[in-house]
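See structure below.
The values are calculated or read from the model by the stated rules, or taken from the named source; none is laboratory data. Because the structure is a prediction, the values reported are computed rather than measured. Cβ placement follows ideal geometry from the backbone for every residue including glycine, while neighbour counts extend to all protein chains displayed. Just so you know, the surface numbers come from the protein's heavy atoms only, side chains and all, with ligands and any DNA or RNA stripped out. Shrake-Rupley method; radii C 1.70, N 1.55, O 1.52, S 1.80 Å.
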Amino acid sequence: MNIKKTALVLRAIVVSLFVMMLGSCQKDPPTAHTPTEGGSSDTEEMWPARKISRIVHSVGTFDYLTYDFSWEGDLLKEISCTMYDGSSLGRTVFEYSDGRLARVYPYDGAGTAYPGGAMHYHYSADGRLERQTFLLPLMFTDNLCQQTYDSVVPCELTYSYADDGHVSTVQANKTADDGSVETSTYLFEWNGGNVISITCDGQPIMSNMQYDSHPNPMRFPMGMETMSVTNMIFEGVLGNSVIFLAYAMCWNENNMTTLISSNAQCSYAYDPDGYPISKTITMGGETTIYHFTY
């Protein structure tokens, strides 16, 4: 498929890389082989013990979007997104090699796959996520009526780790048609198992990030594409399936309560075992709720 056409379609089916986190069915706290933990290739450590089966995104009392999670053993295989009227907004497929993520790409609502926009995963000899490679559509114009692109460029994310095993830096490289490379460097500060600040080329993205004390059951080993990055948008990789990830990274042990808007409030409800069953965001008199089923 023509790369530019692929880019246009990928952007058309993506909603946002901002929005929530979470995961099904045991009483033990989940463990996950995330970019913050080096070493073992044991698949039991890659994904949480509790497996999320559904997230319903409601605006007020109206159930707007539904996300269904399909698992194969301990591994997430697919996330599908359905509108309130039952129509499909597409799905995201996760492919593995030796139990580790190898490729992630979306389908649109008509069932057409777009592997040209896939995120590819590369690991070091010690099992840590080392690189992610993908194609990035570059936006030429953006207005209320139309979005168009003038280029698609290869991109690479390279991970570095601190002595404690946490991600310390991620370098993002975009290679233009003329061979020139644009580089951005993200720095991460941690408090225990949670990221508390992110900067890019010295400029703060988020700081003083706050968390609850409950386990994050969507601590998935997806890498940086699930993060709210403002100056490098990972178009198309997760399609509409990413909208439930609100202002969060899947690296964190606990559930993020920080919101970018200072005018918004965030609260959780939990089941008896301490796992979130809903996340409520209130801003400007409007309430958005994410309901979780395990």
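When you scan the stretch 221-238, do you find a residue that is open to solvent by less than 50 Å² (accessible area, probe 1.4 Å), over 30 Å from PRO137 (Cα atoms) and either in a loop (DSSP other than H, G, I, E, B) or at pLDDT 90 or above (or both), even just one?
no
Within the stretch 66-98, track down each residue that is closer than 21 Å to SER53 by Cβ and either acidic (Asp, Glu) or open to solvent by less than 10 Å² (accessible area, probe 1.4 Å) (or both). Before the answer, list the steps.
Let us first name the residues in the stretch 66-98 that are closer than 21 Å to SER53 by Cβ, namely 66-84, 86-96.
Residues satisfying the conditions are TYR67, ASP68, GLU72, ASP74, LEU76, GLU78, ILE79, CYS81, GLY90, THR92, PHE94, GLU95.
Any idea which residue in the stretch 45-87 is nearest to ALA110 (Cα to Cα), counting only those that are among the charged types (D, E, K, R) and touching a residue at least 60 places away in the same chain (Cβ under 8 Å)?
Checking each candidate, the answer is ARG54.
What number goes with the only condition from (1) in contact (Cβ under 8 Å) with a residue 60 or more places away in the chain; (2) under 21 Å from VAL195 (Cβ atoms) that THR293 does not pass?
Failing condition for THR293: (2).
Give just the number: which of (1) at pLDDT 90 or above; (2) assigned to a strand (DSSP E or B) does LYS51 not satisfy?
Failed condition: (2).
Scan the stretch 194-218 for residues that are of a type in the set (Ser, Thr, Tyr) and closer than 14 Å to ASN255 by Cα and report the count.
2
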